[in-house]
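Enquirer: Quick one: the structure is below, and I'll ask about it shortly.
The values are calculated or read from the model by the stated rules, or taken from the named source; none is laboratory data. Bear in mind the structure is a predicted one, so any value in this text is a computation, not a measurement. In this analysis, Cβ positions are derived from the backbone assuming ideal geometry, glycine residues included, and neighbour counts consider all displayed protein chains.
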Amino acid sequence: MESVNAKYVSQKISKTRWRPVSHSSLQQPDIFATGSWDNEDNKISFWSIGNHGSSGMDEGFEGDPQLLCEHKHDGDVLDLQFLDQDRIVTTSSTGAVTIFRHHQNSQTISVSQRWPRVHRYPCDNAPCTGVVCSSPEIVTVGEDGKIIVFRADQEGVIRVIENADSSTIHAVTYLRTTEILTCILYLDDVLLPLHCVDRHPNQQHIVATGGQDGMLCVWDVRQGSTPFSLMEAHSAEMWEVHFHPTNPDHLFTCSEDGSLLHWETSTHSDMPSFLQGGRNNSMISRSAMAPAGGNQSLISTWLSGDSSKGRLETTHMLPSQTLSVNSLDVLGQCLVCGTDGEAIFVNRQVPV
Amino acid sequence: MEELDVEPAITNIPAASDGKHLGFAWGPGDILAYETLYMAPGAKGSGCSFIHEVRKDEDIYSPILRKLFNESHHIFVGLQTIREDLPSKNKKTQFVSISKNYRSVIRACMEELQQVAASVLVLQVSILLAIELIWNLCEVLFIDAAPAGPLLLHLLDWVRLHKGDVDEKAREVLQSESPAEHHDYWDVVVSYVLQGRFEEARQMLVKQATLQPAARNMYKLMDTLLSKMPFYNPGGTQTLTEFDVKWRHWHEEVDRCLQDNSFASNQHLEIICKILVGDEDTLLEHKELLSTWYHFLVTRLLFCHPTVKPTELHYYAQSCMTMFLDLRSVPEPLDSILLAAFEFDIHQVIKDCSIALNNWWFVAHLTDLLDHCKLLQSHNLHFGSNLREFLLLEYASGLFTHHSLWQLAVDYFDNCPEFGHVYLELQIERVPLDTERKALKVLRICEQRQMSEQVRSICKIMAMRALRNNRLGSALSWSIRAKDAAFATLISERFLQDYCARGTFSDLDLIDNLGPAMLLSDRLTFLVKYREFHKLYEENRFSEAAKLLLSLITAKIAPRSFWMTLLTDALPLLEQKECNVVVYLLLELGDMEKI
């Protein structure tokens, strides 16, 4: 039974993120934030899907996301992250970085802190393309090739790494608490920019990236500059890749070609115990390099290029072709994504 | 040049002062107007620095209507993928369901607008109501194309759907203490009868019957008459002729009751009986309850000609409209559109709608659907394309002027086989490219459609911008994507100049990893190889470095301006053991100097 509905929101969604839930509670996430782009007046908005402890819902019932509050945003929202329960950091195409605070009681949003024009060229603003945060530290990257470090409570910037590259830096993620990984280019016969990166939640040396050609690559950062495995995922740019935070055998990717794929590895050669409705493909990963020697059981299934050791199932999660899916986020059993067709899709029963 | 159908509308520009001459320039979706300094003699004047933008289509900027555009785009794309080889019966069901999808999108928008309840939106709500009314009728008459028999049932549904106030009134009456004594009670009963909703009418009448035990027989008679009225059952085994016979039987029975004065003592029941027999004067007395001539039409057909054929509709429609509307009142555009629909004149419907509405959305989608149903004859316009394509092009061009909805327009252009590609080529270059991400999306659109000119042009814009901001690596990757050799040469020159100025390279990552892309231009190849030379030197692989340097010079891809630098680089090699190679090198260079 399809449990995905589209909600049309009159703005192209560039980013969507779940508000983090505390690890102790088993609650499903209920609030997510979205940022828009390509509007004359862009906005950030908070939405609720009303999941407060209601576990006994009917199978097919899906309430629409309800708008809680919204706030004007200067420039396209190029990236958005939750700093903590109440605050989000956004980066803008005007080169500004802003922290917004969501006041839950009054359902309003206020600007908590702002660093305008941190990313810039000598005579122009540079869009700030990515942000990653580990409260209170915030790291942003931009088209000007700079990496800038802030602290949430301090006015100025802590550190600027100029000219980290002369190309645009598209994405950034934390490797360890003191290291970050930025994402620019990759070579496999043709030079292609990488657009997104995500680190495996448990095994920090494993990183997945997605690029301009829609290829999904899994890397081991300890070993060299060639990806471990390359998989043909999409027919156009891949915009976001996410490991499931608590169940990292599952990976989600979304792309300009309008599809959202759910990848699942399993170490058994039996068929997986479920089949999501919709198109379903089996993909065997091609590996560029054999796994290094050592205890096989410690090597993640993502790195096992050999098809006999693991099987990769992919499923399309959206009911039909849409315009580009720009962003997705997954937490618990809930998945939210936003498209250029000005629609938000929420799936509350992701099989993980 | 054809004559104008209507007088052009006049729009006042409020901010412009009186008596000034206005100049103007056409834009893709609007006009820019400005005051000029041209003055009549004797007039005083000062310059004015304003430019006025006059937009025809406000709808695409409405946030609620945007959902209409996005959702209908989704439906449109799905419609185009319906396979041609399906049997026509399956296709018809699919087309009807697509039509219903479109209508439900319109309704959803309408409901949302009504909730917002601002006064300025009342007009929009009424326009959407009218649009849905017309679309529904077109669905019944053209797409579903029901024959005599089911036709009337569909028309009844149509009228019931668009006359919602009956249910509201009924609810009010039923919730009152004594429904049968409510002042609207008889209005509700008559309205139900007029709409052919006899079940509800009978339930209401029961309440009145219990209040008047003396007249019980009369009410029972009315109840019997109402329950026995035959309705055609499309799924049943009864043929149309059999139904007709049954209906005439029933009609005679009602007429007999009327002649017998069975209801003479109760004027309400008498009225209902006259309605059932189809008496036009009685129907016309209830103009307020009917409220529209097309309701009157359907009611009249229900009680006089339930087996009406589609081809006969226009005759009844015309006469009903004449009877219902006063001689004084002017027919509204909606009336003439509906009349044209009843006359099965699709082209007239489309033409009238195009004139009446300020947005091409409705006519474009409706025409596209009708075209898929193969209902439009090819109608050659002066512009060489057919009607469907013309309307879709107009609609999509309007979308392209919107800062955000331009992405939808791409799919519409894709489905216009003759001119869509050309339109897209012209429009896509005008999309402003503020960020790299947007540029990538536009590029993807162009590359998927083999629009190589536009790809080159966009990449060049982005590369120039990067160059201006001294982002050489970015500029280089843009020119590689465009396969623009000339630009790659330019950028490589800049890299080399940089090196000469600073003594080191910037952007080593990019240059080191170009791979086969470095063959794009000679200068680029030289740059990569030169960098490789430096790398080899740093790794103390002197013989290979020397050989590379030599090959660079003999292959003649080193620019003349760089020879001094190359010689300077060769000097340290003299100290190494491979000096014979270097000597040869120097001789080579000397050789070339002579030439």
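Enquirer: Tally up the residues in the range A:70-91 that are buried (at least 22 other Cβ atoms within 10 Å of the Cβ), assigned to a strand (DSSP E or B) and either under 17 Å from the mean Cα position of the chain (by Cα) or of a type in the set (D, E) (or both), please.
Expert: Total meeting the criteria: 8.
Enquirer: With the condition being closer than 20 Å to B:G278 by Cα, I'd like the helices (runs of 4 or more DSSP H) fully within the range B:144-220 carrying at least 3 qualifying residues.
Expert: Helices (runs of 4 or more DSSP H) meeting the threshold: B:150-161, B:185-194, B:198-211.
Enquirer: Among the residues of the range A:111-145, how many are in contact (Cβ under 8 Å) with a residue 24 or more places away in the chain and in a strand (DSSP E or B)?
Expert: Qualifying residue count, the range A:111-145: 18.
Enquirer: Which of the residues that make up the range B:492-547 are part of a helix (DSSP H, G or I) and in contact with a strand residue (DSSP E or B) (Cβ under 9 Å, 6 or more places away or on another chain)?
Expert: The answer is B:D509, B:L510, B:G515, B:P516, B:A517.
Enquirer: Right, next: What do you reckon, is B:A546 more than 60 Å from the chain's Cα centre (by Cα), at pLDDT below 80 and closer than 30 Å to A:S225 by Cα?
Expert: Criteria met by B:A546.
Enquirer: A further question follows. Exactly one of these conditions fails for B:T489: (1) within 14 Å of another protein chain (Cβ to nearest Cβ); (2) in a helix (DSSP H, G or I); (3) closer than 21 Å to B:G515 by Cβ. Give me its number.
Expert: Failed condition: (1).
Enquirer: Select, from B:H421, B:H379, B:H347, B:H365, the only residue that is more than 14 Å from chain A (Cβ to nearest Cβ), at pLDDT below 90 and not in a loop (DSSP other than H, G, I, E, B).
Expert: B:H347
Enquirer: So is B:L440 in a helix (DSSP H, G or I) and in contact (Cβ under 8 Å) with a residue 40 or more places away in the chain or not?
Expert: Taking the combined requirement at face value, the residue does not satisfy it.
Enquirer: Condition first: among the β-branched types (V, I, T) and buried (at least 24 other Cβ atoms within 10 Å of the Cβ). Now tell me which residues in the range A:315-338 satisfy that.
Expert: Across the range A:315-338, the qualifying residues are A:V325, A:V330, A:V336.
Enquirer: Here are B:R471, B:R481: which of them is without any contact (Cβ under 8 Å) to a residue 12 or more places away in the chain, surrounded by 22 or more Cβ atoms within 10 Å (Cβ to Cβ), facing chain A (nearest Cβ under 9 Å) and not polar (S, T, N, Q)?
Expert: Residue meeting the stated conditions: B:R471.
Enquirer: While we're on this one: Can you list residue pairs whose Cβ atoms sit under 6 Å apart, with the first residue in the range A:11-34 being in contact (Cβ under 8 Å) with a residue 24 or more places away in the chain and surrounded by fewer than 24 Cβ atoms within 10 Å (Cβ to Cβ) and the second being of a type in the set (A, V, I, L, M) and not in a strand (DSSP E or B)? Count only pairs 6 or more apart in sequence or on different chains.
Expert: So the pair list comes out as A:Q27/A:V21; A:P29/A:V21.
Enquirer: Suppose the filter is within 12 Å of chain A (Cβ to nearest Cβ) and within 28 Å of A:E162 (Cβ to Cβ); does B:L440 pass it?
Expert: Spelling it out, B:L440 is indeed within 12 Å of chain A (Cβ to nearest Cβ) and within 28 Å of A:E162 (Cβ to Cβ).
Enquirer: For the range A:11-25, which positions are at pLDDT 90 or above and either closer than 19 Å to A:Q66 by Cβ or basic (K, R) (or both)?
Expert: A:Q11, A:K12, A:I13, A:K15, A:T16, A:R17, A:W18, A:R19
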